[in-house]
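Chemist: Handing you a structure now.
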Amino acid sequence: MIAFKYEKTDGAEYISHLDLLRHVDRTLRRAGIKVAYSQGFHKHPRIFLGNPVPLGVRSLSEYGAIDADFCGDFKEAFNACSPRGIKCLAFKQTAEKPNFAESITACRYEAEGINAFDTARFFERDGLVITDLRGRTADVMPRVLALERRQDRLCFTLRCGENNLRPDLFCSVICGIYGGEVRDIVKTDSYGRNVF
């Protein structure tokens, strides 16, 4: 099993999660890396990616794993054949599937275009009620782990996994409260077991 860290930038942030899976599969085939297939009637390559990033959000910290016996330099082989914007940053051999979709519990983001506000006072609020894309309302304040301003960018850490909060939805709610218009959201880091 090979675990790898990669980025989605330079237009790749507009590739959907399922299309990204296809791109990774094609990249591995072009690189000559033979991936094991699942058993059953509809076999598919054993490629495992972390939780999807919302469309349009660039990411410098994505994780995936493949079931393959490859002894060469995975990073070099992958990057030589990958499409623009999808780039392997690091890799390691692992005995078992790391299950990044479950083990990554929080992610850090940066966003531009949100008006300045007192980030310390933000956590004094009674709650932060949002309506998600399915029309459900929830208080998401416990899902916001950190918030700070660095020059013209808002840096924030959100829960992900089972109790996730979409960064684009969070930014639109913050803009609704404090004003501004989000121009760029970048996922800069992931936290949890198995990350490197």
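Each value in this text was obtained by applying a stated rule to the coordinates, not by laboratory testing. All figures in this text were calculated on a predicted structure; none of them were measured in a lab. Glycine gets a Cβ as well: all are built from the backbone with ideal geometry, and neighbour counts include every protein chain shown.
Chemist: Pairwise over distinct Cα atoms, reciprocal of the mean inverse distance: report the Kirkwood radius of region 1-87 in Å, one decimal place.
Modeler: Numbers: mean 1/r = 0.0754 Å⁻¹.
By the Kirkwood definition, the hydrodynamic radius is 13.3 Å.
Chemist: Run lengths n ≥ 4 of DSSP H only: what is the helix-derived mean residue ellipticity at 222 nm for the chain, with -39500 (n - 2.57) per run over all residues, to the nearest 500?
Modeler: Working: 5 runs with 42 residues, N = 196.
After summing the helix terms and dividing by the residues of the chain, the value is -6000 deg cm²/dmol.
Chemist: What ³J(HN,Hα) values, in whole Hz, does the Karplus curve 6.51 cos²θ - 1.76 cosθ + 1.60 give for region 122-135 when θ = phi - 60°, with x put for Gly and Pro?
Modeler: Per residue, the Karplus-derived 3J(HN,Hα) values read 4, 6, 7, 4, 5, x, 9, 8, 10, 10, 7, 5, 9, x Hz.
Chemist: So if I take the centroid of the Cα atoms in region 114-148 and the same for region 58-90, what is the distance between those two points in Å?
Modeler: Cα centres, region 114-148 to region 58-90: 34 Å.
Chemist: GNM on the chain, C-alpha springs below 10 Å: top fluctuator among Gly40, Gly127, Gly32?
Modeler: Gly40
Chemist: Sticking with this one: Which FRET efficiency value, to the nearest 0.05, is calculated for Arg183 and Lys92 with the Förster distance at 30 angstrom and r the Cβ-Cβ distance? Display every interim value, and only then the final one.
Modeler: Working: r = 35 Å, r/R0 = 1.17.
That pair, Arg183 with Lys92, gives E of 0.30.
Chemist: A further question follows. Where in the chain is the longest stretch that carries no GluC sites (Glu not before Pro) classed as loop by DSSP and with at most 14 other Cβ atoms within 10 Å? All intermediate terms of the calculation are to be shown ahead of the outcome.
Modeler: Details: sites that count: Glu96, Glu124, Glu162.
Of all site-free stretches, the longest is 1-95.
Chemist: Please state the shape class of the chain: rounded when a/c is under 1.5, otherwise prolate if a/b exceeds b/c and oblate if not, all from the C-alpha gyration tensor. Could the numbers behind the result be given before it?
Modeler: Numbers: a/c = 2.31, a/b = 2.02, b/c = 1.15.
The shape class here is prolate.
Chemist: Give the residues of region 96-120 whose amide nitrogen is closer than 20 Å to a point set 7 Å from the Cα of Arg46 in the direction of its Cβ.
Modeler: Correct set: 96-103.
Chemist: Label points 7 Å out from Cα along the Cβ direction at Lys34 and Arg149: separation in nm?
Modeler: 5.8 nm
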